[in-house]
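Comments concern the structure below.
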Amino acid sequence: MPTILGLSGFYHDSAAAIVVGGRVVAAVQEERCTRIKADAAFPENAIRSCLEIAGLAAGDLSIGFFEVPSLKFDRLIETHFAGAPKGFSAFRAAMPSWLSTKLRLRDQVTRFFGSNDAPELYFGLHHQSHAASAFYPSPFESAAILTIDGVGEWATASIFHGQGNRLKPLVEQRFPHSLGLLYSAVTSYCGFEMNTGEYKLMGLAAEGKPRYFDRLTSDIVHVVDDGSVQLDQRFFDYCHGLRMTSPRFHRYFGREPRKRDESISNLDRDLAASVQAITELSMSRMAKHARGLTGEAKLCLAGGVALNCVAVGKLVADDVVDDVWVQPAAGDAGGAVGVALWLAHERFNVERKCVPSDSFSGAFLGPRFNELQVQQAIEAIGVVARHFDDDASLCQEVANLISNGGTVGWFQGAMEFGPRALGHRSILADPRDSAMKDRLNNLVKHRESFRPFAPAVLREFAASYFATGDRVDHAYMTRTFRVLQPDLIPAVTHLDGTARIQTVDRERNPKFTTLLNSFHALTGIPVLLNTICNDCDEPIVCSPEDAIRCFFSTNLDAVVIENFLIHKQSSQGLRLSGPKPSVLATPRWFTLSLACQALVAGFIIDWRFGRGTAIATAGSLLAVASTCAISPSVKNLVWTRSTRFTHAIGCIASGIVLAAVFYLAVTPIGLWRRLCGHRPLDQSGNQTGWLPFTMPSAASLAAGDVRQLPWWLELVEFLRHEKKWWMIPIVLSLALIAVAASVGGSVAPWIYAIW
C-alpha cells in the first residue's frame, strides 16, 4: 500500500500532506507551525507534524512535489527573454531565491531526511495537482474539473475530465493571461496584500457598485465566450517589473495604488465590485465550456480563484452546472494533497473509493492535543481553568455564554487544513446580535469593518435559513447562499443578503453539533457565528499555547480548549507576550569557517606584510573562532556583525554579476529570438485563450524524477530534452554564480577587507 508525502512550497502557503492507500490521513500548512502567515519556506515543520500524525518514518515514503520547478524556471526565463532589456529589477529580485532554494528542492529533501534515508522524489504539474486535489476527494464518480489561479508553471487555468482514478487533461490558458492575476492586481491596487488579501477584496465588493465593469472589459480585459480572458499587458507590470499594475493603469483610474494606512475610497469599493463581476462572468463561462468539453453536469473546482465563494455560489444558482465540489484548501496548500493523490492513483494505480459526502474528513487533518497536553499548557502559563467531565455540560455552559453576548474561542480535536475555521479552531458568537459584527471586527479581530462573518448551521435546518435548494451538505464554507431570514441572524448576513455557510453534522463534527444543539435549545436558532480563531494578520491557532495567547491578545470573553473553559474574569491581570524569539540560528560550520579564514588571511598577510603581522592576524581570528565555539552569545554577536558586512558586499557583487548575465546574455538572446519571430507571451492572434494542454516530454519529467543529479545539471537535461538550447548558457552562468556565492560567500569579504 503506497504511502506518499505531498509537498508544496516556495511561493505562498507551503504545506505537507500524507496519503496512505489513496486516503488523506494528515495535512498541515507550514504557517500554522511557524506562526508566519502564508509562510513560503520549505515545509519542514509541517512534514514533522504530518509524520507524527500518521505515525510514519521517512523510510516508509515516496515524495511528490506539487509542480515542476524546471518548467516554472523555463517560464521565468522566457518572460525575461520577451522583455529584455526591460525587466532587470525583476530578474535581480527573482534569481537569488531561485538559485538558493527553488531549484534545489532535492538538496532540501536530502538535508531534511538525510542522504541515506531520502525517499524517491517525483514531480506533478501545478494544475494537475490542483485538479487531483479537487476530483479525488469529491463525491463524484466522474466530473468536469476546472482549476483557476494566478499561474503555475505556464498554465493559469485548466480543464480536466475526471473518471474513476484517472485525470484527462484537455485544455489550458497560459501566462500572462490570467483571471487570478487580474484579481490579484486589483487587490494590490486597492491596498491589500497579494496572495493573502483577495478575500478582503471579495468582501469589499459588496459595498461597491460595478461602475467600471464596461470600461475594464472594453479596454483592459476581454472575456471570451468560453470564459478565457485576454489581458492588455500595457496596464500590468507583473511580467517585467516589481508591481502588479503599471503607470498606465494608474493614469487610467486617476490614482496611484492605495497605501495600507490610507482610507478606503469609493474607487476601491467600485473597482472591487467591478472585478468581482468580471470574475463571476468568466467563471460562469469557463464552467459552461468545461461542461461542453466533458459532457459532465458536475464540476470540481480548485486553484486560488476557486476560493471566491460568491462566484462559486452563482454557478449552481444560475444552473450553469448541477452540482459543484470545491477543494476546501483550494490554493497552493492544497497542491500538496493533490500531488500525493495523483501519484497514488495514477502512478501506483490505487483504486479510488468514492464516498457519497466526500473523503476529505471534514478537513480535520492537522495535529490534535490530548487533555494532558492541554492541562500542561494551562498550568505552564498559570491561568485558571474549569474542567468539564462531559461534553453535554460543557456545551450547555458555552451556549449560555454565547446567548448572553459572550465571544468564545473554541479549540477542539484535529486542526483544520485550509483557510477556513470549521469548528475546531474557531471563534463563536451569537448571530442574532446586529452589533456583533462590528464588535468582533473592531475589538476582537482588529480588522476592517466591512469584513463579513460566516454562519455554522445544523445540517437539518440549513434549508430553513438559507436558499440551499435540495442539497444541504455544505461542510466547508466554499459557497454563498441567500439568507432567507436575515432579521433573525443579522450578524452573519452580508450586505448583499448572502452568507458563506457551513453545515454541521454529527458524523464529521460531533462536539460542535452538541454545542449547536444546546444553543438551539436555548434560543430557538440552530446557527452560530463562526470565524477563524486568530488575531488580525496571523495564522489560525494551532496549539493550546497559541489559543491561550490569542485569548489574551484579543477581547474574547472566554476560550474553550478541549474540555477546559478559561474565563477572562478568572485571568484578570495576566497578560502574555508574543512568542519568545528563538536564539539566533547560525550555521554549525561558522566557527570552522572562521578558523579557515584565519589560515587564508595568514597566508595572504604573510605574502603582503610579513610573518609577524600574519601570525598576529591569524591568531586573533583563531581566538575569535575558539571563543565562538565555547560561547553561543559571542558566536551570535560575531555572526550578526559579519553577516551585515558580507551581506552589503554580497548585494553589490551579486548585482554586478547578475547585471552582466542579464545584459550580456539574456538581452541579446531575447532580442535575437524576437527578431526571429519567437514571442511566447504573445497570444494576440488567438480567438480564444484556451490552448491544448501541454505536457512536458516524459524524458523531461524523468530528469526531475528519481535520478540523483545536481540541480543545474538536472535543469540542463530538462532544457536539452525540450530542445531549448539557447537557455543552457544562462543556466550555466547562473550555476557559476550560485557556486561562487556558496563557496566564497563567507571567505571572500574577509580576504577583500584584508587586501
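The values are calculated or read from the model by the stated rules, or taken from the named source; none is laboratory data. A quick note: this is a predicted structure, and the numbers were derived from the prediction, not measured. Cβ sites come from the backbone with ideal geometry, for glycine too, and all protein chains shown count toward neighbours.
Quick grid of which residues meet (1) in the same structural domain as Ala475 (by TED's automatic domain parsing); (2) at pLDDT 60 or above; (3) not hydrophobic (A, V, I, L, M, F, W, C):
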residue	(1), (2), (3)
Asn517	yes, yes, yes
Pro526	yes, yes, yes
Pro539	yes, yes, yes
Asp557	yes, yes, yes
Glu562	yes, yes, yes
Ala585	no, no, no
Phe590	no, no, no
Gly602	no, yes, yes
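On the basis of being over 21 Å from Arg720 (Cβ atoms) and outside the structural domain of Arg243 (by TED's automatic domain parsing), does Phe81 make the cut? First the steps, then the outcome.
Numbers: over 21 Å from Arg720 (Cβ atoms): no; outside the structural domain of Arg243 (by TED's automatic domain parsing): yes.
When the stated conditions are applied, Phe81 does not pass them.
Answer yes if at least one residue in segment 438-450 is under 27 Å from Leu365 (Cα atoms), assigned by TED's automatic domain parsing to the domain that holds Arg508, in contact with an Asp or Glu (Cβ under 8 Å, 6 or more places away or on another chain) and surrounded by fewer than 24 Cβ atoms within 10 Å (Cβ to Cβ), and no otherwise.
yes
The rows are residues; the columns are (1) within 31 Å of the chain's Cα centre (by Cα); (2) modelled with pLDDT under 65; (3) more than 30 Å from Met727 (Cβ to Cβ).
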position	(1), (2), (3)
Leu637	no, no, yes
Thr640	yes, yes, yes
Ile656	no, no, no
Arg674	no, no, no
Gln683	yes, no, no
Asn686	no, no, no
Ala703	yes, yes, no
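Tally time: how many residues in segment 387-431 are part of a loop (DSSP other than H, G, I, E, B), surrounded by fewer than 20 Cβ atoms within 10 Å (Cβ to Cβ) and charged (D, E, K, R)?
Number satisfying all stated conditions: 2.
Scan Arg75, Arg32 and give me the residue that is charged (D, E, K, R), farther than 19 Å from Ala155 by Cα and in a helix (DSSP H, G or I). It would help to see each step written out before you state the result.
Details: Arg75 fails: farther than 19 Å from Ala155 by Cα.
Unique residue meeting the criteria: Arg32.
Tally up the residues in segment 292-330 that are buried (at least 19 other Cβ atoms within 10 Å of the Cβ) and either in contact (Cβ under 8 Å) with a residue 60 or more places away in the chain or touching a strand residue (DSSP E or B) at 6+ places or on another chain (Cβ under 7 Å) (or both), please.
Looking only at that region, the number is 27.
State whether one or more residues within segment 707-714 are aliphatic (A, V, I, L, M), closer than 28 Å to Phe123 by Cα, exposed (fewer than 13 other Cβ atoms within 10 Å of the Cβ) and modelled with pLDDT of 65 or more. Break it down into steps so the answer makes sense when it comes.
The initial filter retains those residues of segment 707-714 that are aliphatic (A, V, I, L, M), namely 709, 713.
Next, from what is left, pick out any that are closer than 28 Å to Phe123 by Cα: 709, 713.
Next, from what is left, pick out any that are exposed (fewer than 13 other Cβ atoms within 10 Å of the Cβ): none.
The answer is no, given that none of the residues of segment 707-714 is aliphatic (A, V, I, L, M), closer than 28 Å to Phe123 by Cα, exposed (fewer than 13 other Cβ atoms within 10 Å of the Cβ) and modelled with pLDDT of 65 or more.
Taking helices (runs of 4 or more DSSP H) that do not extend beyond segment 246-336, which have at least 2 residues that are among the hydroxyl-bearing types (Ser, Thr, Tyr)? It would help to see each step written out before you state the result.
Details: elements: 247-253, 266-294, 309-317.
Fully inside segment 246-336 and qualifying: 266-294.
Of the residues in segment 367-384, how many are in contact with a helix residue (DSSP H, G or I) (Cβ under 7 Å, 6 or more places away or on another chain), at pLDDT 95 or above and part of a loop (DSSP other than H, G, I, E, B)?
2
Please state which one of Arg269, Arg255, Arg260 is of a type in the set (Lys, Arg), over 24 Å from Leu125 (Cβ atoms), without any contact (Cβ under 8 Å) to a residue 40 or more places away in the chain and not assigned by TED's automatic domain parsing to the domain that holds Ser449. It would help to see each step written out before you state the result.
Details: Arg269 fails: without any contact (Cβ under 8 Å) to a residue 40 or more places away in the chain; Arg260 fails: without any contact (Cβ under 8 Å) to a residue 40 or more places away in the chain.
Answer to the selection: Arg255.
Examine segment 196-206 for a residue that is at positive phi, in contact (Cβ under 8 Å) with a residue 24 or more places away in the chain, part of a loop (DSSP other than H, G, I, E, B) and touching a Phe, Trp or Tyr at 6+ places or on another chain (Cβ under 9 Å), and state whether such a residue exists.
Applying the first criterion (at positive phi) to segment 196-206 yields none.
The answer is no, given that none of the residues of segment 196-206 is at positive phi, in contact (Cβ under 8 Å) with a residue 24 or more places away in the chain, part of a loop (DSSP other than H, G, I, E, B) and touching a Phe, Trp or Tyr at 6+ places or on another chain (Cβ under 9 Å).
Given the condition among the β-branched types (Val, Ile, Thr) and either within 22 Å of Gln327 (Cβ to Cβ) or part of a strand (DSSP E or B) (or both), answer yes or no: does some residue in segment 505-523 qualify? Outline the logic, then answer.
As a first pass, look at segment 505-523 and keep what is among the β-branched types (Val, Ile, Thr): 513-514, 523.
Filter once more, so that each one left must be either within 22 Å of Gln327 (Cβ to Cβ) or part of a strand (DSSP E or B) (or both): none.
Checked segment 505-523: no residue is among the β-branched types (Val, Ile, Thr) and either within 22 Å of Gln327 (Cβ to Cβ) or part of a strand (DSSP E or B) (or both).
If you check Met477 against the conditions, is it farther than 30 Å from Ser359 by Cβ and touching a strand residue (DSSP E or B) at 6+ places or on another chain (Cβ under 8 Å)? So that I can check it myself, show each step before the final result.
Numbers: farther than 30 Å from Ser359 by Cβ: no; touching a strand residue (DSSP E or B) at 6+ places or on another chain (Cβ under 8 Å): yes.
So Met477 does not fit the description; no.
Counting only residues that are aliphatic (A, V, I, L, M) and crowded, with 19+ Cβ neighbours inside 10 Å, which one in segment 278-291 is nearest to the chain's Cα centre (by Cα)? Spell out the reasoning first.
The initial filter retains those residues of segment 278-291 that are aliphatic (A, V, I, L, M), namely 278, 281, 283, 286-287, 290.
Among the residues that remain, those that are also crowded, with 19+ Cβ neighbours inside 10 Å are: 278, 283, 286-287, 290.
Working: Ile278: 24, Met283: 21, Met286: 24, Ala287: 24, Ala290: 26 Å.
This residue is Met283.
Table: residues versus (1) on the phi < 0 side of the Ramachandran plot; (2) crowded, with 18+ Cβ neighbours inside 10 Å; (3) modelled with pLDDT under 95; (4) under 14 Å from the mean Cα position of the chain (by Cα).
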| site | (1), (2), (3), (4) |
| --- | --- |
| Ala15 | yes, yes, no, yes |
| Ile36 | yes, no, yes, yes |
| Asp60 | yes, no, yes, no |
| Lys86 | yes, no, yes, no |
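Does at least one position in segment 126-145 carry a residue that is of a type in the set (Phe, Trp, Tyr), in contact with a His (Cβ under 8 Å, 6 or more places away or on another chain) and touching a residue at least 24 places away in the same chain (Cβ under 8 Å)?
Taking segment 126-145 and keeping what is of a type in the set (Phe, Trp, Tyr), we get 135-136, 140.
Add one more test, that the residue is in contact with a His (Cβ under 8 Å, 6 or more places away or on another chain), and what stays is 136.
Those still in the list that are touching a residue at least 24 places away in the same chain (Cβ under 8 Å) too: 136.
Yes; the residues of segment 126-145 include at least one that is of a type in the set (Phe, Trp, Tyr), in contact with a His (Cβ under 8 Å, 6 or more places away or on another chain) and touching a residue at least 24 places away in the same chain (Cβ under 8 Å).
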